[in-house]
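Novice: Dropping the structure in here first, questions after.
The values are calculated or read from the model by the stated rules, or taken from the named source; none is laboratory data. In this text, all values refer to a predicted model and were calculated from it rather than measured experimentally. Please note: Cβ atoms are built from the backbone with ideal geometry, for glycine as well, and neighbour counts cover all protein chains shown.
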């Protein structure tokens with residue numbers, strides 16, 4: 001049996017998939033573009049279940065390759081990487097975070113404001129943002145997300161100002177793949193937002209690189225940097241000319257190195 005790659009890609013969402021990445025890169029990179037399983041209706045702990053699946057995938061790759069595994073996490077995938085770093089650091093060689101907000105609630109507030117500033121007048125978005133800023137509860141938070149993504153599609157603001165070619169290529173590919181699984185998104189997020197974040201640094205002591213796009217609409221560059229340093233004090237940061245999809249907007253040598 002062919003050995004699995006020693007690099008695991010944790011995509012965003014939750015409820016997204018790696019269909020675009022698999023078509024985009026083909027077999028050019030030794031990366032496992034892993035699809036996170038969809039949530040099962042009635043699962044009382046969908047976020048914990050997702051973490052269990054990710055842990056099993058990490059263990060399988062470590063056993064297959066006979067060594068530690070590199071993690072590359074995009075967006076929400078960073079939250080999975082943090083838990084894996086806390087629960088099984090011995091299996092991880094390196095961690096690379098791409099466009100990963102530390103505080104997801106704040107990230108959605110920030111994204112809604114930037115959508116409006118950029119002229120995306122989505123129905124009910126102003127009202128949903130005002131409501132959640134006045135008082136944030138589950139209903140208002142999820143109403144804000146629904147207003148940000150009325151058709152489950154990713155808006156063009158996700159890409160940097162110099163990434164028009166990558167943006168157009170992404171949308172052409174994404175149009176042929178399943179949309180975000182919103183049932184999984186809401187199920188996982190429902191548990192995630194009520195899961196306390198540990199304020200202690202992760203026990204993992206290996207290399208961590210955190211790459212942020214200057215035009216990323218979901219990042220607060222200074223605040224996210226400070227918060228990630230609380231989790232990974234050893235982290236090195238790289239600021240690049242990109243938006244949220246660093247791995248699609250910039251060549252692999254910017255964010256991936258074979259080890």
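Novice: With the requirement that a residue be within 17 Å of the chain's Cα centre (by Cα) and either surrounded by 15 or more Cβ atoms within 10 Å (Cβ to Cβ) or outside any loop (DSSP other than H, G, I, E, B) (or both), what does segment 213-222 give you? Before you say what the answer is, go through the steps one by one.
Specialist: Of all residues in segment 213-222, those within 17 Å of the chain's Cα centre (by Cα) come to 213-221.
If the condition is that a residue be within 17 Å of the chain's Cα centre (by Cα) and either surrounded by 15 or more Cβ atoms within 10 Å (Cβ to Cβ) or outside any loop (DSSP other than H, G, I, E, B) (or both), then 213, 215, 216, 217, 218, 219, 220, 221 are the ones that fit.
Novice: Does segment 37-65 hold any residues that are touching a residue at least 12 places away in the same chain (Cβ under 8 Å) and in a loop (DSSP other than H, G, I, E, B), and which are they?
Specialist: 37, 38, 39, 41, 43, 45
Novice: Something else now. Would you say residue 147 is out of contact with any helix residue (DSSP H, G or I) (no Cβ under 9 Å at 6 or more places or on another chain), assigned to a helix (DSSP H, G or I) and free of Cβ contacts under 8 Å to residues at least 40 places away in the same chain? If you could, list the steps in order and put the result at the bottom.
Specialist: On the way: out of contact with any helix residue (DSSP H, G or I) (no Cβ under 9 Å at 6 or more places or on another chain): no; assigned to a helix (DSSP H, G or I): yes; free of Cβ contacts under 8 Å to residues at least 40 places away in the same chain: yes.
Spelling it out, it is not the case that residue 147 is out of contact with any helix residue (DSSP H, G or I) (no Cβ under 9 Å at 6 or more places or on another chain), assigned to a helix (DSSP H, G or I) and free of Cβ contacts under 8 Å to residues at least 40 places away in the same chain.
Novice: Given the structure, is residue 81 closer than 26 Å to residue 35 by Cα and outside any strand (DSSP E or B)? Let's see the steps before the verdict.
Specialist: On the way: closer than 26 Å to residue 35 by Cα: yes; outside any strand (DSSP E or B): yes.
The answer is yes for residue 81.
Novice: Going by the structure shown, is residue 167 surrounded by 13 or more Cβ atoms within 10 Å (Cβ to Cβ), more than 17 Å from the chain's Cα centre (by Cα) and closer than 24 Å to residue 109 by Cα?
Specialist: Numbers: surrounded by 13 or more Cβ atoms within 10 Å (Cβ to Cβ): yes; more than 17 Å from the chain's Cα centre (by Cα): yes; closer than 24 Å to residue 109 by Cα: yes.
When the stated conditions are applied, residue 167 passes them.
Novice: I'd like to verify a number: residues in segment 231-255 that are surrounded by 15 or more Cβ atoms within 10 Å (Cβ to Cβ), without any contact (Cβ under 8 Å) to a residue 60 or more places away in the chain and out of contact with any strand residue (DSSP E or B) (no Cβ under 7 Å at 6 or more places or on another chain), how many?
Specialist: Adding up the residues that qualify gives 0.
Novice: Considering every residue within segment 234-241, establish whether at least one is modelled with pLDDT of 95 or more, over 28 Å from residue 25 (Cα atoms) and out of contact with any helix residue (DSSP H, G or I) (no Cβ under 7 Å at 6 or more places or on another chain). I'd like the intermediate steps shown before the answer.
Specialist: Within segment 234-241, the first condition is being modelled with pLDDT of 95 or more, and the residues that meet it are 234-241.
After this cut, where a residue has to be over 28 Å from residue 25 (Cα atoms) as well, the list is 234.
Next cut, out of contact with any helix residue (DSSP H, G or I) (no Cβ under 7 Å at 6 or more places or on another chain) only: 234.
Scanning segment 234-241 turns up at least one residue that is modelled with pLDDT of 95 or more, over 28 Å from residue 25 (Cα atoms) and out of contact with any helix residue (DSSP H, G or I) (no Cβ under 7 Å at 6 or more places or on another chain).
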